[in-house]
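Remarks on the structure that follows.
Where a number appears in this text, it was derived from the coordinates with a stated rule and is not lab data. Please read these numbers as outputs of a predicted model, since none were measured by experiment. Every residue, glycine as well, gets a Cβ built from its backbone with ideal geometry; the counts of neighbours run over all protein chains shown.
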Amino acid sequence: MDAIGRTFWVLGALVLGVIEVVGRMDQSGPYQVSQPNRDRLVFNSKIHLSSSRNEVVSVVLTQKRRVGEDGGCKVLAQPPAPFEFRFYKMEKYRIQADHQSYRGARAGDYFDPLVPTDRICPGDQVWVDLNTPRQTTPGNYSLPFGISLTVWKMVIPERPTLPLYIHLNSYAVLLAHSYGQGRSWERQAQLLQSYVNTYREHRIEPYGQYFYFFPKLKMTRQGASTRELDLDAESAMGASFRQLVLKGAIAPPVVFRPDFENPPQIEQLKAIDRAIVRGYLPSDTIAYVWDEGESDPKLSLQCLSRLKWVKAHAPHLKTLVTRKPSLEFAPFVDWFVAIQNEFHPGWRKPFGLYVSCQSQGSCKDGVRARPTGPPMFVIDAPIASERAFFWINNRLGAAVGLYYNATEKLVTAWTDQSFAGGNGDGTLIYPDRVESRPNSSIRLKMLRQGSYDVEYIRWARAAGIEAATPVVDQNHWSQNWADYQKIRDGLGIQLNQIF
């Protein structure tokens, strides 16, 4: 073969090679998918997922460029019934240099806000939630975007086995969406209800979302000497205690939260107690009586006095304090919920653990902490942190989890979430910039995954299956998202064989 012939042969082979590659891309479609590991997105043409019924699993979707394609935006397809996709454009939050939450954290842009969408454009990463309804027949399914799904026999319970409570500040919600004078109660209640729904969609029970600090009271009849709870006040506007707190609750409700200056009045406590006895409120209704302060003897005495006051007038009401268990407080406390780094083996149960800037180390003497202790819920922490929180609580024997807020810096969530030394500490939700609705964060999705993981771990324990764990205690746990996913997937396969 002469030189010219060899040149044409090489060019022909290259052209055929390009056609072959384009053909393979055509067969797999214009999309690529990745596991929802924000810290390490690895895109492929196909992905296999597994899900219990009544569970939401997630992937990240991107649009790949093809030869001769203009790369325009595309409307995203829904899967066949009974499945449902929910699409969210992954947007970024910027952390400036020298403002990281801890020493060694990376400055720069982080995927965290998730904005609902129905299309994907070049350069976008789209988070996809795949819902598998309870009535789905177990088996294998082929879905759009190169997704194959195995549906297991198990059914995730509506009420989490290990509930997580997070404060929802109703006033911050109204401010973030510019709700003030001239806005009707109905509109305000609808907005607040959308936030309540977002919490519960992620297996989180909010507290503090009611427009009043304590449930309202009413006279039962003319001239009556006692007053009762009015659980339906403002129901015509969708703003009643029953609608915002009781309806749809996935864990026992919290009737009031700490207020050091304004203790509950006797008639309020007695009305709450009567409502529990008569079945108007659940028997495990909680009063969040006091928050921390145990390092201060004066505050400790005030806390003990408040607990005795509540128990004296509402003996059927469960009390919760964020303190370490102690013999002095034990007769008056139903739920000791201490920050994770203060846990010590041997505590009586039930107890709970929670995350705060103290456990994260971000608010100690203005010195940025290292991410070597308990999980941090800040944006620049490893994305496995929120998931690990549930594994740690379960391993240590906690029966409930607590986080102090998801709306702390809601008004400035898109531009400034710095609080108590951490980026995003106390802020897990973004107000939509166009519509009156909340946008979830990737950190909320990770909390939901952790909640699901606990169900698999406890199913395995009940079935006598020995489950590995990526955590030792609250200070020693894997920061690798894949370690948790691998164990969860393995447990699902074993459990599906015996259910």
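Using the average count of surrounding beta-carbon atoms within 10 Å as a protection proxy, the listed peptides 230-242, 39-51 rank, highest first, as 230-242, 39-51. Computed from label points 7 Å out along Cα-Cβ, the spacing between Trp185 and Gln265 is 1.9 nm. In the chain, the longest principal axis of the Cα atoms and the axis of helix 266-277 are about 60 degrees apart.
For the chain, the longest principal axis of the Cα atoms and the long axis of helix 384-396 meet at an angle of about 50 degrees. Dipole orientation for the chain: of the candidates Pro79, Tyr430, Met219, Met219 has the Cα lying most toward the positive pole (charges on Cβ; Lys, Arg +1; Asp, Glu -1). Here the Karplus curve 6.51 cos²θ - 1.76 cosθ + 1.60, taken at θ = phi - 60°, turns the phi angles of the stretch 128-144 into couplings of 10, 9, 10, 9, 9, x, 4, 7, 4, 6, x, x, 10, 9, 10, 10, x Hz, with x standing for Gly and Pro. Using +1 at the Cβ of each Lys and Arg and -1 at the Cβ of each Asp and Glu in the stretch 232-280, identify which of Gln265, Ser235, Gly248 lies farthest towards the dipole's positive end. Checking the options against the dipole of the stretch 232-280, the answer is Gly248.
Rounded to the nearest 20, the Cβ-based charge dipole of the stretch 336-468 about its Cα centre (Lys and Arg +1, Asp and Glu -1) stands at 280 debye. For the stretch 187-196, putting each phi into the Karplus relation 6.51 cos²θ - 1.76 cosθ + 1.60 with θ = phi - 60° gives couplings of 5, 5, 5, 4, 4, 5, 4, 5, 6, 4 Hz, in residue order, rounded to whole numbers and with x for Gly and Pro.
Calculated from the structure at hand, semi-axes √(5λ) of the Cα gyration tensor in Å is found among [x] 46, 25, 23; [y] 34, 27, 22; [z] 55, 37, 22 as [x]. Amide hydrogen proximity for Ser418: with H placed 1.01 Å from N in the peptide plane, the residues at 5 or more positions away or on another chain lying under 5 Å are Gly424. A full extension of the chain between Gln494 and Asn140 corresponds to an added length of 125.8 nm, given 0.36 nm per residue minus the alpha carbon distance. In this structure, the amide hydrogen of Ile383, modeled 1.01 Å from its nitrogen in the peptide plane, lies closer than 5 angstrom to those of Asp39, counting only residues at least 5 positions away or on a different chain. Counting only DSSP beta bridges with both residues in the chain, the antiparallel share comes to about 60 percent. The long axis of helix 481-498 is offset from the longest Cα principal axis of the chain by roughly 80 degrees.
Rounded to the nearest 500, the helix-only mean residue ellipticity at 222 nm of the chain stands at -9000 deg cm²/dmol, with each DSSP H run of n ≥ 4 adding -39,500 (n - 2.57). Taking label points 7 Å from Cα along the Cα-to-Cβ direction, Val155 and Glu342 give a separation of 4.1 nm. Modelled spin-label separation between Lys64 and Asp232, with each label point placed 7 Å from Cα along the Cα-to-Cβ direction: 5.9 nm. Put simply, the amide H of Ser50, placed in the peptide plane, has neighbours under 5 Å in Thr150, leaving out anything fewer than 5 places away on its chain. Rounded to the nearest 20 debye, the dipole magnitude of the stretch 186-259 is 100 debye, with +1 charges on Lys and Arg beta carbons, -1 on Asp and Glu beta carbons, and the Cα centre as origin. For the stretch 259-328, trypsin sites (Lys or Arg not before Pro) are listed when DSSP marks them as loop and at most 16 other Cβ atoms sit within 10 Å of their Cβ; the list is Arg278.
Put in order of Cβ neighbour count within 10 Å, fewest first, the listed residues His313, His476, His202, His99 become His476, His99, His313, His202. Measuring between alpha carbons in the structure, the pairs from Lys92/Lys409; Lys89/Lys409; Lys247/Lys445 lying more than 18 angstrom apart are Lys89/Lys409; Lys247/Lys445.
One decimal place: the segment Gln302-Lys247 gains 16.5 nm when fully extended, by the rule 0.36 nm per residue minus the C-alpha distance. Of the GluC sites (Glu not before Pro) found in the stretch 381-488, the ones in coil according to DSSP and having at most 14 other Cβ atoms within 10 Å of their Cβ are Glu435, Glu466. Using the Karplus relation 6.51 cos²θ - 1.76 cosθ + 1.60 with θ = phi - 60°, the per-residue 3J(HN,Hα) values for the stretch 300-305 come to 5, 5, 5, 4, 5, 5 Hz, with x marking Gly and Pro. Short-range pairs are left out: with C-alpha atoms under 8 Å and at least six residues apart, the relative contact order of the chain is 15 percent. Computing FRET efficiency as 1/(1 + (r/R0)^6) for Trp309 and Thr415, where r is the C-beta to C-beta distance and R0 is 35 Å, gives about 0.25. Just report the Cα centroid separation between the stretch 260-290 and the stretch 140-184, whole Å. Rounded to whole Å, the Cα centres lie 28 Å apart.
For the chain, a crude dipole built from +1 on the beta carbon of Lys and Arg and -1 on the beta carbon of Asp and Glu, taken about the Cα centre, is about 660 debye to the nearest 20.
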